[in-house]
1. For the stretch 91-115, enumerate the residues that are over 16 Å from Gln32 (Cβ atoms) and in contact with a strand residue (DSSP E or B) (Cβ under 7 Å, 6 or more places away or on another chain).
2. Take the residues of the stretch 52-74 that are of a type in the set (Gly, Ala, Ser) and surrounded by fewer than 23 Cβ atoms within 10 Å (Cβ to Cβ): which is farthest from Gly182 (Cα to Cα)?
3. How do the strands (runs of 3 or more DSSP E) wholly within the stretch 156-271 filter down when requiring 3 or more residues that are closer than 30 Å to Met1 by Cα and at pLDDT 95 or above: which remain?
4. Out of the residues in the stretch 280-305 that are in contact with an Asp or Glu (Cβ under 9 Å, 6 or more places away or on another chain) and of a type in the set (A, V, I, L, M, F, W, C), state the one that is surrounded by the most Cβ atoms within 10 Å (Cβ to Cβ).
5. How many of the residues in the stretch 50-75 are more than 21 Å from Tyr212 (Cα to Cα) and either assigned to a strand (DSSP E or B) or of a type in the set (S, T, N, Q) (or both)?
6. Consider the stretch 207-229. How many of its residues are more than 19 Å from Arg71 (Cβ to Cβ) and surrounded by 18 or more Cβ atoms within 10 Å (Cβ to Cβ)?
7. Across the stretch 76-101, which residue is farthest from Glu42 (Cα to Cα) among those that are in a helix (DSSP H, G or I) and in contact (Cβ under 8 Å) with a residue 24 or more places away in the chain?
8. Report, ordered by the first and then the second residue, all pairs with beta carbons closer than 7 Å, sequence separation of six or more or different chains, a first member in the stretch 102-122 that is within 20 Å of Tyr198 (Cα to Cα) and modelled with pLDDT of 95 or more, and a second member that is of a type outside the set (A, V, I, L, M) and part of a helix (DSSP H, G or I).
Amino acid sequence: MSPELEAAYLQGLNDALEEGYKTLASGGEALQAVRAAVIVLENNILFNAGRGSVFTKTGTHEMDASIMDGRNLSAGAVAAVANIRNPIELALGVMKKSEHVFLSGKGAEEFARQNGIAFEPDEYFFSQFRYDQWQAIKDSDDTALDHNIIPEISNEKSSFAKATEDNKKFGTVGAVACDVHGNLAAATSTGGMTNKQYGRIGDSPIIGIGTYANNKTCAISCTGHGEPFIKAVAAYDVSCLMEYKGLSLEAAMKTVVMDKLMKIDGEGGMIGVDANGNATLMFNSEGMYRGMKSSDGRGEVAIYK
């Protein structure tokens, strides 16, 4: 990766952290903070979510997102939606303005229209780099996790506090937060896999798998190869280990990421925070685009191990 590109990704991570932290510093809720951070990443064309989403088998963009409030386990999620400017806003709308948790496809888009969620034309979501990725495999039945397609272009990278290095990028953005009242929240958004077909849905929009938040335990947002994460019920498993076995956040995440997932070829990672403000960013891949910022002065933005 060129120094310029690396600086651009680190700046994108910083921008998201600052926006989320600004919300918390002004007394805002954890739910508002994760929404704010994810919107910044969805709006940044470098990341595979919202504006920078990858192309599907048919040359379209299908986006997934989910959000959860640890105070009362309220949650909202959407899958396979097109032309939604900020899928995380739609997921939040499902949580707050409907009796449902999970909407998909045309129905989710109709709900968006009824509730004033912003749409954008196809051109808004076009990225030459993503297009080139898709062109490389569109005539095959292969799918690709974000950037693991062509070595010569895989030095341009993507994704948030979440995503990996070494020609295998997991194009997902996400955020977790703990506010001044000890409330937790998590949010995740993705453009999915390049050349995906059959309406494939990964872990990101599924509550308990790609996203989970419970004030009694933790808030988790995952990134990686979605299918193993689904099989492992990854995010909820961390919470279960904390609630039923008394493990710390770090120990629970280590069990899931470094043991359970690796046994089923589940490459990727997750970010987590508990109600005491302990944060852990863990991955079993070569790297993960990640960052954290705390009121006690702790902070980091990193890509590699």
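1. Val94, Val101, Phe102, Leu103, Ser104, Gly105, Ala108, Glu109, Phe111, Ala112
2. We begin by selecting, within the stretch 52-74, every residue of a type in the set (Gly, Ala, Ser); these are 52-53, 59, 65-66, 70, 74.
With the extra rule that they be surrounded by fewer than 23 Cβ atoms within 10 Å (Cβ to Cβ), the set shrinks to 59, 74.
Values: Gly59: 43, Ser74: 16 Å.
The residue in question is Gly59.
3. Working: elements: 172-178, 184-190, 211-213, 218-224.
It comes to 172-178, 184-190, 218-224.
4. Here is the first cut: in the stretch 280-305, the ones in contact with an Asp or Glu (Cβ under 9 Å, 6 or more places away or on another chain) are 280-293, 303-305.
Subsequent filtering for residues that are of a type in the set (A, V, I, L, M, F, W, C) retains 281-283, 288, 292, 303.
Details: Leu281: 20, Met282: 20, Phe283: 25, Met288: 28, Met292: 19, Ile303: 19.
Only one residue fits best here, namely Met288.
5. First, pick out the residues of the stretch 50-75 that are more than 21 Å from Tyr212 (Cα to Cα): 51-62.
Those left that are additionally either assigned to a strand (DSSP E or B) or of a type in the set (S, T, N, Q) (or both): 53, 56, 58, 60.
So the count comes out to 4.
6. In the first step, residues of the stretch 207-229 are kept if they are more than 19 Å from Arg71 (Cβ to Cβ); the result is 209-210, 222-229.
Remaining after also requiring surrounded by 18 or more Cβ atoms within 10 Å (Cβ to Cβ): 209-210, 222-226, 228-229.
Total satisfying the criteria: 9.
7. The initial filter retains those residues of the stretch 76-101 that are in a helix (DSSP H, G or I), namely 87-97.
Those still in the list that are in contact (Cβ under 8 Å) with a residue 24 or more places away in the chain too: 87-93, 95.
On the way: Pro87: 8, Ile88: 8, Glu89: 10, Leu90: 12, Ala91: 13, Leu92: 14, Gly93: 16, Met95: 19 Å.
This residue is Met95.
8. What qualifies is Leu103/Phe111.
The values are calculated or read from the model by the stated rules, or taken from the named source; none is laboratory data. Worth saying up front: this structure is predicted, and the values here are computed from it rather than measured. Cβ coordinates were reconstructed from backbone atoms using ideal geometry, including for glycine residues, and neighbour counts include every protein chain displayed.
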